[in-house]
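Heads up: the structure comes next, in structure tokens.
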Amino acid sequence: MVFVKSVQSIYVEREFRKCLSKNIQIMGELYAPQGEKRMWTADNWKDYEVLDASAGEKLERWGDYLLIRPDPQVIWNTDKTHPGWKKRNAHYHRSSKGGGEWEFFDLPDEWSIHYKALTFNLKPFSFKHTGLFPEQAANWDWFSSLIKDAVKGSGRQIKVLNLFAYTGGATVAAAKAGASVTHVDSSKGMVTWAKENAAASGLASAPIRWLVDDCVKFVEREIRRGNTYDAIIMDPPSYGRGPKGEIWKIEESIFPFIRLCADILSKDALFFLINSYTTGLQPAVLSYMVKTVITPRFGGHAQADEIGLPVSSNGLILPCGAACRWQNR
Ligand SMILES: C[S@@+](CC[C@H](N)C(=O)[O-])C[C@H]1O[C@@H](n2cnc3c(N)ncnc32)[C@H](O)[C@@H]1O
């Protein structure tokens, strides 16, 4: 039997294709062409890149220097063909007893890298840290444009609270975008380092309040004082301690803490960002907490996704935790 397409079926098919291509354009924001999920990637770096990842480790370029550091997500054992694996300037070896240590080949004690107009001082120290989580640039870009738009649109002062603020990546990004920032971390050493990053980024006299404090106690005090913030950023660790030994265990502490934070968000709050590297706190978990606490009280909308870094040798994405972003519109 010869099948002849009716004029109607040709029309339906053409409309379907138009609709499909429109949807693919929309989905392109979220999904790579092969249908692979693209997630929120920090893909605007010039001074940093993940060159390759294999056998529990990643090979990274931090400015002029190559580091090999452990990464528990890297459970694949692909061929280490990238020449950088042999040309590393330092290698952090994990110990079977926990922790680990740096092996140095040719690395200065300190050096710096840039992200857009920001400068970060780096040094290798305990627990494989360098003083920066480069994947967070994906979040910096998101909230920087919200802050810039709000400042430009209304001329209003945007007060940002950065909790578990570490060496101040998010603090300097928010301050550079025009916000006043309260930076809270329990470690005096980290706060000193963050101040140095602010100075290196030309923000020495920017409106930043530096506090060495326990985040939970600080927020409880702010509730009693009646102080509010237009935006809250937090990147809590799985386990941490306040300056007086206060214990932070993410699974137990995070939900009550988000509730406390809701009490210090201003009525016309701009955004709320929670980031987590803790396995188990997947995007849907973060989303559930934010959508049951923040959205019912403040409206707006929340979206959660994985955060990742592109691997330059193969174009794949290295997952680096999850984030939930709430914004007022
Ligand atoms: C390293 S960042 C977390 C970044 C990343 N999410 C991770 O898991 O490694 C954690 C920061 O929180 C700080 N911190 C830990 N417990 C704290 C507490 N109870 N109050 C304030 N800061 C705390 C640490 O000093 C550190 O700078």
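Pull up the stretch 247-279, narrow it to residues that are in a strand (DSSP E or B) and within 15 Å of the ligand (Cβ to nearest atom), then point me to the one that is farthest from the chain's Cα centre (by Cα). It comes out as Ile247. Contact map, the stretch 298-323: first residue within 12 Å of Ala284 (Cα to Cα) and modelled with pLDDT of 95 or more, second residue among the acidic types (Asp, Glu) and surrounded by fewer than 21 Cβ atoms within 10 Å (Cβ to Cβ), Cβ cut-off under 6 Å, separation 6 or more or different chains; pairs are Ala322/Glu306.
Per-residue answers, yes or no, for (1) farther than 22 Å from Val181 by Cβ; (2) in the same structural domain as Lys148 (by TED's automatic domain parsing); (3) touching a Gly at 6+ places or on another chain (Cβ under 7 Å); (4) not charged (D, E, K, R):
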site	(1), (2), (3), (4)
Lys244	yes, yes, no, no
Ala269	no, yes, no, yes
Val311	yes, yes, no, yes
Ala322	yes, yes, no, yes
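Screening the candidates Lys97, Lys80, Lys87 for the property of being among the basic types (Lys, Arg), in contact with a Phe, Trp or Tyr (Cβ under 9 Å, 6 or more places away or on another chain) and surrounded by fewer than 19 Cβ atoms within 10 Å (Cβ to Cβ) yields one hit, Lys87. If you go through the stretch 132-145 one residue at a time, do you hit one that is part of a helix (DSSP H, G or I), surrounded by fewer than 18 Cβ atoms within 10 Å (Cβ to Cβ) and within 11 Å of the ligand (Cβ to nearest atom)? No, every residue in the stretch 132-145 fails to be part of a helix (DSSP H, G or I), surrounded by fewer than 18 Cβ atoms within 10 Å (Cβ to Cβ) and within 11 Å of the ligand (Cβ to nearest atom). Exactly one residue among Gln73, Gln8 is in a loop (DSSP other than H, G, I, E, B), modelled with pLDDT under 95 and not aromatic (Phe, Trp, Tyr), and that residue is Gln73. Out of His91, His129, His114, one residue alone is part of a loop (DSSP other than H, G, I, E, B) and either touching a residue at least 60 places away in the same chain (Cβ under 8 Å) or out of contact with any His (no Cβ under 6 Å at 6 or more places or on another chain) (or both). It is His129.
Quick grid of which residues meet (1) buried (at least 20 other Cβ atoms within 10 Å of the Cβ); (2) hydroxyl-bearing (Ser, Thr, Tyr); (3) touching a His at 6+ places or on another chain (Cβ under 7 Å):
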residue: Pro236; (1), (2), (3): yes, no, no
residue: Pro243; (1), (2), (3): no, no, no
residue: Leu265; (1), (2), (3): yes, no, no
residue: Val285; (1), (2), (3): no, no, no
residue: Lys291; (1), (2), (3): no, no, no
residue: Ser312; (1), (2), (3): no, yes, no
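Quick grid of which residues meet (1) assigned to a strand (DSSP E or B); (2) surrounded by fewer than 22 Cβ atoms within 10 Å (Cβ to Cβ); (3) assigned by TED's automatic domain parsing to the domain that holds Leu146:
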site: Arg156; (1), (2), (3): no, yes, yes
site: Leu161; (1), (2), (3): yes, no, yes
site: Thr171; (1), (2), (3): no, no, yes
site: Ala174; (1), (2), (3): no, no, yes
site: Gly178; (1), (2), (3): no, yes, yes
site: Val181; (1), (2), (3): yes, no, yes
site: Gly189; (1), (2), (3): no, yes, yes
site: Thr192; (1), (2), (3): no, yes, yes
site: Lys195; (1), (2), (3): no, yes, yes
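Taking the stretch 195-219, which residues are touching a residue at least 12 places away in the same chain (Cβ under 8 Å) and over 17 Å from Gly242 (Cβ atoms)? The answer is Lys195, Glu196, Asn197, Ala198, Ala200, Ser201, Gly202, Leu203, Ala206, Pro207, Ile208, Arg209. Just so you know, in the stretch 226-246 the residues that are under 19 Å from the mean Cα position of the chain (by Cα) and part of a strand (DSSP E or B) include one that is nearest to the ligand (Cβ to nearest atom), and it is Gly240. In the stretch 197-210, which residue that is under 21 Å from the mean Cα position of the chain (by Cα) and in a strand (DSSP E or B) is nearest to the ligand (Cβ to nearest atom)? Only one residue fits best here, namely Trp210. One residue stands out among those in the stretch 210-234 that are aliphatic (A, V, I, L, M) and touching a strand residue (DSSP E or B) at 6+ places or on another chain (Cβ under 9 Å): the one that is surrounded by the fewest Cβ atoms within 10 Å (Cβ to Cβ), which is Leu211. Per the listing Asp149, Asp106, the residue uniquely in the same structural domain as Ala198 (by TED's automatic domain parsing), farther than 21 Å from Ser187 by Cβ and either of a type in the set (D, E, K, R) or touching a Lys or Arg at 6+ places or on another chain (Cβ under 6 Å) (or both) is Asp149.
Tell me which residues, restricted to the stretch 280-317, are closer than 20 Å to Val219 by Cα and within 14 Å of the chain's Cα centre (by Cα). Answer for the stretch 280-317, where residues must be closer than 20 Å to Val219 by Cα and within 14 Å of the chain's Cα centre (by Cα): just Leu286. Scanning for something closer than 27 Å to Gly168 by Cβ, small (Gly, Ala, Ser) and outside the structural domain of Leu316 (by TED's automatic domain parsing), does the stretch 60-83 turn up at least one residue? Looking through the stretch 60-83, at least one residue is closer than 27 Å to Gly168 by Cβ, small (Gly, Ala, Ser) and outside the structural domain of Leu316 (by TED's automatic domain parsing).
The values are calculated or read from the model by the stated rules, or taken from the named source; none is laboratory data. Everything quoted here is computed from the prediction, not taken from an experiment. Here the Cβ is made from the backbone with ideal geometry for all residues, glycine too, and neighbour counts use every protein chain on show.
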